[in-house]
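J.: The structure that follows is given in the form of structure tokens.
The values are calculated or read from the model by the stated rules, or taken from the named source; none is laboratory data. Bear in mind that the values here come from a model prediction, so they are computed numbers and not experimental data. Cβ placement follows ideal geometry from the backbone for every residue including glycine, while neighbour counts extend to all protein chains displayed. The area values use the complete protein model at the heavy-atom level, side chains included, leaving out ligands, DNA and RNA. Shrake-Rupley method; radii C 1.70, N 1.55, O 1.52, S 1.80 Å.
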Amino acid sequence: MNSVIHQHPEWKPPYFATIFTTQLGDDLEGYDEASDLMAELVQKYDGFMGMHSARDEDGYGITVCYWKTEDSITAWREDLEHQAVQLKGRGGWYSKYTIQLAEVKRSSFFEEA
């Protein structure tokens, strides 16, 4: 999984980022489908701005989601479908994970012509 929903140069700080780092576990039944569903569902949330996501060959992944407000993040965290998938993550999809919340105070953007 190496997907990107592009960051836009017009995003003006401050805004927020959730940083989700994961190590895949042994039982991945249904994981890809759930991951795709969550990527689709999160885009419908008011305040969601975009995301970057990547995973290496050893199963270590990082997903950064960008949000306008902390309230938007709370609403996403409390989504019932999202909570059901979180339980499956703790039930075997991930051997470990971390979630961090950061406020983006400054941002720069470069894109090769």
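J.: Please name all residue pairs, on different chains or six or more residues apart, with Cβ atoms under 6 Å, provided the first residue is in the stretch 39-60 and is part of a strand (DSSP E or B) and polar (S, T, N, Q) and the second residue is open to solvent by less than 60 Å² (accessible area, probe 1.4 Å) and at pLDDT 95 or above.
T.: SER53/THR63
J.: Let me ask you something else. With the requirement that a residue be of a type in the set (Gly, Ala, Ser) and without any contact (Cβ under 8 Å) to a residue 60 or more places away in the chain, what does the stretch 61-90 give you? Let's see the steps before the verdict.
T.: Applying the first criterion (of a type in the set (Gly, Ala, Ser)) to the stretch 61-90 yields 61, 72, 75, 84, 89.
Across the stretch 61-90, the qualifying residues are SER72, ALA75, ALA84.
J.: Let me ask another. Among the numbered conditions (1) among the basic types (Lys, Arg); (2) more than 15 Å from the chain's Cα centre (by Cα); (3) loosely packed, with under 15 Cβ neighbours inside 10 Å, tell me where LYS88 comes up short.
T.: For LYS88, the failing item is (3).
J.: Please find, among TYR45, TYR15, TYR31, the residue that is surrounded by 13 or more Cβ atoms within 10 Å (Cβ to Cβ) and over 26 Å from ARG106 (Cβ atoms). Break it down stepwise before answering.
T.: Details: TYR45 fails: over 26 Å from ARG106 (Cβ atoms); TYR15 fails: over 26 Å from ARG106 (Cβ atoms).
Among TYR45, TYR15, TYR31, only TYR31 is surrounded by 13 or more Cβ atoms within 10 Å (Cβ to Cβ) and over 26 Å from ARG106 (Cβ atoms).
J.: To continue, here is another question. Whether any residue in the stretch 76-84 is basic (Lys, Arg), open to solvent by 90 Å² or more (accessible area, probe 1.4 Å) and under 14 Å from THR22 (Cβ atoms) is what I want to check.
T.: Narrowing the stretch 76-84 to residues basic (Lys, Arg): 77.
Of the ones still in play, those that are also open to solvent by 90 Å² or more (accessible area, probe 1.4 Å) are 77.
Right, trim to under 14 Å from THR22 (Cβ atoms) and you get none.
Scanning the stretch 76-84, I find no residue that is basic (Lys, Arg), open to solvent by 90 Å² or more (accessible area, probe 1.4 Å) and under 14 Å from THR22 (Cβ atoms), so the answer is no.
J.: For residues that are assigned to a strand (DSSP E or B) and over 11 Å from the mean Cα position of the chain (by Cα), scanning just the stretch 18-28, find the one that is surrounded by the most Cβ atoms within 10 Å (Cβ to Cβ). If you could, list the steps in order and put the result at the bottom.
T.: Keep residues of the stretch 18-28 that are assigned to a strand (DSSP E or B), which gives 18-24.
If we keep only those that are over 11 Å from the mean Cα position of the chain (by Cα) as well, we get 23-24.
Details: GLN23: 14, LEU24: 19.
It comes out as LEU24.
J.: Mind checking which residues of the stretch 63-78 are among the β-branched types (Val, Ile, Thr) and either at pLDDT below 95 or not in a helix (DSSP H, G or I) (or both)? Break it down into steps so the answer makes sense when it comes.
T.: Initially, the stretch 63-78 is screened for residues among the β-branched types (Val, Ile, Thr), giving 63-64, 69, 73-74.
If the condition is that a residue be among the β-branched types (Val, Ile, Thr) and either at pLDDT below 95 or not in a helix (DSSP H, G or I) (or both), then THR63, VAL64, THR69 are the ones that fit.
J.: Then there is this: Look through PHE16, PHE20 and report the one residue that is closer than 17 Å to TYR94 by Cα, aromatic (Phe, Trp, Tyr) and modelled with pLDDT of 95 or more.
T.: Working: PHE16 fails: closer than 17 Å to TYR94 by Cα.
Result: PHE20 is the single residue among PHE16, PHE20 that is closer than 17 Å to TYR94 by Cα, aromatic (Phe, Trp, Tyr) and modelled with pLDDT of 95 or more.
J.: Continuing with the same structure: Take the residues in the stretch 91-106 that are open to solvent by 70 Å² or more (accessible area, probe 1.4 Å) and assigned to a strand (DSSP E or B); name whichever of them is nearest to TYR15 (Cα to Cα).
T.: First, the residues of the stretch 91-106 that are open to solvent by 70 Å² or more (accessible area, probe 1.4 Å): 95-97, 99-101, 103, 105-106.
So of that shortlist, the ones also assigned to a strand (DSSP E or B) come out as 95-97, 99-101, 103.
Working: SER95: 30, LYS96: 27, TYR97: 23, ILE99: 17, GLN100: 14, LEU101: 11, GLU103: 6 Å.
Among those that are open to solvent by 70 Å² or more (accessible area, probe 1.4 Å) and assigned to a strand (DSSP E or B), it is GLU103.
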